[in-house]
Protein chains: 2
Amino acid sequence: MKENKTKYSVLGILSYGPMSGYDIKKFYEQSIAGFWSESYGQIYPILKRLAKEGLAIKSVQKQEGKPDRHIYAITDEGRKALQQWLVEPVGRHIGRHEILLKLIFGRQIELKESMYQIERFRDRQQQELTEIRQLKKRFKTDAADNPNMPFWQLAFDYGEHVNRAYIQWAEKAIGALRKMKK
Amino acid sequence: MKENKTKYSVLGILSYGPMSGYDIKKFYEQSIAGFWSESYGQIYPILKRLAKEGLAIKSVQKQEGKPDRHIYAITDEGRKALQQWLVEPVGRHIGRHEILLKLIFGRQIELKESMYQIERFRDRQQQELTEIRQLKKRFKTDAADNPNMPFWQLAFDYGEHVNRAYIQWAEKAIGALRKMKK
DNA sequence: TAGAGCATGTAATAGGTTACATGATTAG
DNA sequence: CTAATCATGTAACCTATTACATGCTCTA
């Protein structure tokens, strides 16, 4: 059962409630931008497919002065398919860490250039860490009663742990490069 | 200058010395499997392209009883192109963390299933951490005089930091789920 | 004698982004 | 008046994996 992750990410979002493709895109951007994203070029065709496969049903909501909203709702069948996917072991996945790729070829450039790379990386992850903490707080107050909250907290926690590790590594690496210079 | 990362990963490997596509594949598998990988379906066409663009030159090494080796060597132009890419800031990249995707939809399945997911994840990262440490040691003794060594150490260090963070998070998350159960 | 290693490559397919097309409303 | 937001979708284009094709040698 080697199945499309994007499909299940959309189906999973629909498990939170009926939504349009536009809403789904927003969800990616505003909630899980830190660890997942999809473009319209993926979302709309997948919604069509989900409807064809009976995993979701479409209904059209007419609006004045704005385009119609095509709302998709997960079906029982869809929920079953999602559940099946959720319990499947996740396969090993190689995250492509471009910063490391650039580092290991560092002998080709000046040391200070590698340092800049790591500094930029550190700053970005620092910013991301700040954003995660803000999001975490916002969720805690805005949706304290949401039954999905505990799971979300785990995800935020993950982001905090990983980004802290990135930053710690970056500091250490910058120190090591400074020593190399001498 | 939005250019193909795969191309530069191949070019970077060639900066270590002349190699065949087969060698390059091995390099991915034996050295940087933790943070980058490419298939033959990418490697061979890219080598062809590099030669066409003058960034590498090909020569054929005949062997007895084995297929010929098509050796590619980086050119001065190739080295320049690589250097240019190396100093370019790395763009933000969203690693697709499937484990998180499965977690945030966790309400759809039994709590213990989410726990299994995290336990499997923790065990895998634990194993990866062990492998990184072994690789680190092996490199330290095997190639102590290699001028690229300091950069490699930074990459190993990265792997250690990140995997430690994964494991710590996993322990914490399992604890949180255990509490939820009660 | 089966399987792994050596070694090159292509074709089919899947996964994913970007640009384009359309067009009204609203906020600055 | 300009830009953003709302809203749907497609086509062209990259990026990447998997399966296939070939064929010899060495090891278990």
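The values are calculated or read from the model by the stated rules, or taken from the named source; none is laboratory data. Predicted model, so just to flag it, every value in this text is computed and none were measured. Every residue, glycine among them, receives a Cβ derived from its backbone with ideal geometry; neighbour counts consider all protein chains shown.
For beta carbons closer than 6 Å, sequence separation of 6+ or different chains, a first residue in segment B:153-180 that is within 28 Å of B:Lys112 (Cα to Cα) and a second that is in a helix (DSSP H, G or I) and among the charged types (D, E, K, R), the qualifying pairs are B:Asn163/B:Glu128; B:Ile167/B:Arg122; B:Ala170/B:Arg122. Among the residues of segment B:42-62, those that are within 15 Å of DNA strand D (Cβ to nearest atom) and more than 14 Å from chain A (Cβ to nearest Cβ) comprise B:Ile43, B:Tyr44, B:Pro45, B:Ile46, B:Leu47, B:Lys48, B:Arg49, B:Leu50, B:Lys52, B:Glu53, B:Gln61, B:Lys62. Restricted to segment B:52-95, and to residues there that are under 19 Å from the mean Cα position of the chain (by Cα) and buried (at least 16 other Cβ atoms within 10 Å of the Cβ), the residue that is nearest to DNA strand C (Cβ to nearest atom) is B:Val90. Flag: A:Gln126 matches the condition of being in contact (Cβ under 8 Å) with a residue 12 or more places away in the chain and in a helix (DSSP H, G or I). You will find that of B:Gly34, B:Gly91, B:Gly95, B:Gly65, the residue that is part of a loop (DSSP other than H, G, I, E, B), within 16 Å of DNA strand D (Cβ to nearest atom), in contact with a helix residue (DSSP H, G or I) (Cβ under 6 Å, 6 or more places away or on another chain) and modelled with pLDDT under 95 is B:Gly34 and no other. If you go through segment B:14-47 and keep only what is loosely packed, with under 15 Cβ neighbours inside 10 Å and not hydroxyl-bearing (Ser, Thr, Tyr), you end up with B:Gly17, B:Lys26, B:Glu29, B:Gln30, B:Gly41, B:Pro45. Among the residues of segment B:130-182, those identified as closer than 20 Å to A:Arg107 by Cα, facing chain A (nearest Cβ under 7 Å) and surrounded by 15 or more Cβ atoms within 10 Å (Cβ to Cβ) are B:Asn148, B:Pro150, B:Phe151, B:Trp152, B:Leu154, B:Ala155, B:Asp157, B:Tyr158.
When you look at A:Glu113, is it in a helix (DSSP H, G or I) and either basic (Lys, Arg) or more than 10 Å from every other protein chain (Cβ to nearest Cβ) (or both), yes or no?
No; evaluated as a whole, the condition is false for this residue.
For segment B:37-49, the set of residues classified as hydroxyl-bearing (Ser, Thr, Tyr), under 21 Å from A:Gly95 (Cα atoms) and in contact with a helix residue (DSSP H, G or I) (Cβ under 7 Å, 6 or more places away or on another chain) consists of B:Ser37, B:Tyr40, listed by residue number. Would you point out the residue of segment A:27-38, among those that are under 23 Å from A:Ala81 (Cβ atoms) and of a type in the set (Gly, Ala, Ser), that is farthest from the other protein chains (Cβ to nearest Cβ)? Looking at the filtered set, the residue picked out is A:Ser31.
Picking from residues in segment A:1-31 that are within 12 Å of DNA strand D (Cβ to nearest atom) and assigned to a loop (DSSP other than H, G, I, E, B), the one that is nearest to A:Gln153 (Cα to Cα) is A:Pro18.
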